[in-house]
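Contents: one structure, followed by commentary.
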């Protein structure tokens with residue numbers, strides 16, 4: 001019988017996080033560009049028309065966060081209708097940054113002396 005090695009829980013979490021799509025939440029930007037709204041209070045009455053009741057702090061968190069909380073699809077659709085946009089405008093997928101590899105070093109390494117360049121009392125000497 002052959003033993004199969006399985007990744008540990010930390011390795012599984014890293015793998016899952018690496019596969020999750022990354023996105024930018026652009027609600028604040030769309031409010032400014034599409035409706036000329038620079039405060040979150042203008043969004044409250046518009047969402048009420050679609051049956052959503054939010055207090056000011058909840059709206060602020062929805063607009064100001066980089067990653068919004070989990071929300072129902074109906075809320076996302078209401079935001080798209082209010083701002084006359086598509087979901088792709090509201091949550092823009094960004095490509096993950098590829099790992100930057102360090103270029104290979106060419107030529108000899110610089111010579112570093114084994115002894116200190118300055119004597120220990122260099123800064124203590126008075127001129």
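The table that follows gives values for the structure above.
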quantity	calculated
Amide N of region 18-57 lying under 19 Å from the label point, which is placed 7 angstrom from the Cα of residue 66 along Cα→Cβ	18-30
Separation in nanometres of the label points that stand 7 Å from Cα toward Cβ, at residue 48 and residue 22	4.0 nm
Förster-model FRET efficiency, 22 Å R0, residue 76 and residue 55, C-beta, rounded to 0.05	0.70
Quotient of C-alpha Rg and 2.2 N^0.38 Å, computed over region 38-95	1.10
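None of the figures in this text is laboratory data; all of them are computed from the coordinates on show. Predicted, not measured: the structure shown is a model, and the values here were computed from it. No Cβ is skipped: glycine too gets one built from the backbone with ideal geometry, and neighbour counts run over all protein chains shown.
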